[in-house]
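The values are calculated or read from the model by the stated rules, or taken from the named source; none is laboratory data. Here the structure is a predicted model, which is why all the values come from computation and not from measurement. Quick reminder, even Gly has a Cβ in these numbers, built from the backbone with ideal geometry, and neighbours come from all protein chains shown.
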Amino acid sequence: MKYYMIIILMLLIGCAKEVADTVEPSQPVPVAQPAESVEYQVPVVIEVAKPDPTETVGYTYIVRQGDWLSTIARDELGNVDLWTSIALWNRAIIDAPHLIYPYTELVLHKIQGSGTHYRYGFDDYRVRPGDTLWSIAAAVYGDNYAWVVLMRDNIKYLPYGPRKMEPGLRLIVRTNL
């Protein structure tokens with residue numbers, strides 16, 4: 001390998017010497033002319049005011065079917081560009097910002113004093129023979145996938161997991177989602 005490098009260098013030096021010998025000193029050496037000055041437009045960066053968490057109050061938002069972080073930001077925070085803030089606030093539960101699941105609870109921040117605090121109402125539900133969280137969610141909320149909400153709300157009432165629900169077990173269900 002070393003010898004190939006030496007041969008290539010010798011060829012290059014030899015070629016350079018031949019080229020230098022062909023140029024006569026009386027000929028003017030061409031000088032590169034400066035190019036015309038071109039003005040470039042600097043892109044304008046628009047700074048989006050993001051809420052400061054020290055001046056905000058956090059609240060829980062339940063993702064609905066068809067939601068995107070951008071639509072949540074637009075509808076809940078009033079600015080579609082704040083979707084990145086929602087992703088940052090919830091980075092522990094959002095693996096990919098373009099993929100969020102219905103009935104996931106997200107933490108959002110609003111400026112203190114803007115908006116109202118919403119509390120969910122709860123009702124009791126007695127488990128019947130053959131009930132599953134899936135079937136209860138369909139009966140109560142009209143959507144089987146809302147079983148995750150039932151699971152979160154009733155985790156302390158399900159010590160053996162959702163598959164071991166005895167008839168007569170009392171669960172709490174939200175009055176609305």
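With the structure loaded, tell me whether residue 168 is over 15 Å from residue 62 (Cβ atoms) and without any contact (Cβ under 8 Å) to a residue 24 or more places away in the chain or whether it fails that test.
No; evaluated as a whole, the condition is false for this residue.
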- Of all the helices (runs of 4 or more DSSP H) wholly in the stretch 69-177, which have at least 1 residues that are in the same structural domain as residue 58 (by TED's automatic domain parsing), of a type in the set (A, V, I, L, M) and out of contact with any strand residue (DSSP E or B) (no Cβ under 7 Å at 6 or more places or on another chain)? 69-72, 83-89
- Could you check residue 146 against (1) touching a helix residue (DSSP H, G or I) at 6+ places or on another chain (Cβ under 8 Å); (2) without any contact (Cβ under 8 Å) to a residue 40 or more places away in the chain; (3) surrounded by 15 or more Cβ atoms within 10 Å (Cβ to Cβ) and say which number it fails? (2)
- Could you figure out which of (1) more than 12 Å from residue 56 (Cβ to Cβ); (2) out of contact with any Leu (no Cβ under 7 Å at 6 or more places or on another chain) isn't true of residue 76? (2)
- hydrophobic (A, V, I, L, M, F, W, C) and at pLDDT 90 or above: does that describe residue 108? yes
